[in-house]
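The values are calculated or read from the model by the stated rules, or taken from the named source; none is laboratory data. As the structure is a computational prediction, the values presented were derived from the model and not from experiment. Counting neighbours? That spans all protein chains shown, and the Cβs are built from the backbone with ideal geometry, glycine included.
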């Protein structure tokens, strides 16, 4: 039994790179596709926002001296590549999939049109949203919150490399503890940086719960969909 009927899943580009940390690992993206297939078979309507950090991160490139808008647009292009790769992997699993982009790439993907996206979901297709919001200075987390609100999703699932939100970076502070639950107000007040504040505010305004969980654990997406208490849930 699924706890949610329509879900927005946020996948990081870095998560597709595997141990190399760069590019797309075919074994990893195949594994991700199988996890998503299991959720799809439950009848859950699933939209996916995917980042491009396995190719380039706009913020990091900007910090290294590249003009920020240009770096962000390059990141959007990278997310389109990831979206196409994920589409290929999902269709190998027998799932009808559409890639929609916030920037126009007519030869390879549909432009993002909200009503068309909803219709695809209603027909049982998975929709992959790439190129972020189509604007520089906005993260793919903000794109995920925006698309979730537009599509009237029940929840935003943020798949990460850690098993939730911590009081501090657990890779740097061994004393960091994980939160099971948080409110939006607590996230903003404590400046917890698992998502940017624009994304948190969007979710708060639209009463969209967020679940942050470890994507590397097999079956975790299905467990979240079933309502199992894993990771960290953010909700007022």
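Report yes if residue 9 is under 19 Å from residue 218 (Cα atoms), touching a strand residue (DSSP E or B) at 6+ places or on another chain (Cβ under 6 Å) and not in a helix (DSSP H, G or I), otherwise no. Please lay out each step first, then the result.
Values: under 19 Å from residue 218 (Cα atoms): yes; touching a strand residue (DSSP E or B) at 6+ places or on another chain (Cβ under 6 Å): yes; not in a helix (DSSP H, G or I): yes.
In short, yes.
What number of residues in segment 155-191 are over 24 Å from residue 60 (Cα atoms) and surrounded by fewer than 18 Cβ atoms within 10 Å (Cβ to Cβ)?
Number satisfying all stated conditions: 11.
I want to confirm something. Restricting to segment 41-94 and keeping residues that are assigned to a loop (DSSP other than H, G, I, E, B), under 19 Å from the mean Cα position of the chain (by Cα) and in contact (Cβ under 8 Å) with a residue 60 or more places away in the chain, which single residue is surrounded by the fewest Cβ atoms within 10 Å (Cβ to Cβ)? Don't jump to the end; show me each part of the working.
First, the residues of segment 41-94 that are assigned to a loop (DSSP other than H, G, I, E, B): 41-44, 51-57, 64-67, 93-94.
So of that shortlist, the ones also under 19 Å from the mean Cα position of the chain (by Cα) come out as 44, 51-57.
Narrowing further to those that are in contact (Cβ under 8 Å) with a residue 60 or more places away in the chain: 44, 51-52.
Details: 44: 23, 51: 27, 52: 27.
Residue satisfying both the conditions and the ranking: 44.
Would you say residue 153 is under 24 Å from residue 45 (Cα atoms) and in contact (Cβ under 8 Å) with a residue 24 or more places away in the chain?
Details: under 24 Å from residue 45 (Cα atoms): yes; in contact (Cβ under 8 Å) with a residue 24 or more places away in the chain: yes.
Taking the combined requirement at face value, the residue satisfies it.
For every residue, the table says whether it meets (1) assigned to a helix (DSSP H, G or I); (2) modelled with pLDDT of 95 or more; (3) buried (at least 17 other Cβ atoms within 10 Å of the Cβ).
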site	(1), (2), (3)
99	no, yes, yes
116	yes, yes, no
119	yes, yes, no
124	no, yes, no
128	no, yes, yes
134	no, yes, no
142	yes, yes, yes
146	yes, yes, yes
149	yes, yes, yes
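I'm trying to understand the selection: among the residues of segment 76-91, which are touching a helix residue (DSSP H, G or I) at 6+ places or on another chain (Cβ under 7 Å) and more than 22 Å from residue 22 (Cβ to Cβ)? Spell out how you get there, then give the answer.
Let us first name the residues in segment 76-91 that are touching a helix residue (DSSP H, G or I) at 6+ places or on another chain (Cβ under 7 Å), namely 79, 82, 85-86, 89-90.
Hit for segment 76-91 is 90, nothing else.
Can you tell me which residue is modelled with the highest pLDDT among those in segment 204-219 that are over 13 Å from residue 236 (Cα atoms) and either surrounded by fewer than 17 Cβ atoms within 10 Å (Cβ to Cβ) or out of contact with any helix residue (DSSP H, G or I) (no Cβ under 8 Å at 6 or more places or on another chain) (or both)? First the steps, then the outcome.
We begin by selecting, within segment 204-219, every residue over 13 Å from residue 236 (Cα atoms); these are 212-219.
Then drop every residue that is not either surrounded by fewer than 17 Cβ atoms within 10 Å (Cβ to Cβ) or out of contact with any helix residue (DSSP H, G or I) (no Cβ under 8 Å at 6 or more places or on another chain) (or both), which leaves 212, 214, 216-219.
On the way: 212: 96, 214: 93, 216: 87, 217: 91, 218: 91, 219: 92.
My answer is 212.
Would you be able to say whether some residue in segment 183-203 is touching a strand residue (DSSP E or B) at 6+ places or on another chain (Cβ under 8 Å), at pLDDT 95 or above, closer than 25 Å to residue 122 by Cα and not in a loop (DSSP other than H, G, I, E, B)?
Checked against the condition, which is being touching a strand residue (DSSP E or B) at 6+ places or on another chain (Cβ under 8 Å), at pLDDT 95 or above, closer than 25 Å to residue 122 by Cα and not in a loop (DSSP other than H, G, I, E, B), segment 183-203 yields at least one hit.
In segment 205-217, which residues are farther than 16 Å from residue 162 by Cβ and within 17 Å of the chain's Cα centre (by Cα)?
If we filter segment 205-217 for residues that are farther than 16 Å from residue 162 by Cβ, which is where we start, we get 205-209.
Residues satisfying the conditions are 208, 209.
Name the pairs whose Cβ atoms lie under 6 Å apart, with the first residue in segment 197-216 and more than 19 Å from residue 181 (Cβ to Cβ), the second part of a strand (DSSP E or B), and 6 or more positions between them or separate chains?
Listed by first residue and then by second, the contacts come to 215/159.
Does segment 153-182 hold any residues that are out of contact with any strand residue (DSSP E or B) (no Cβ under 7 Å at 6 or more places or on another chain) and at pLDDT 95 or above, and which are they?
Passing the criteria: none in range.
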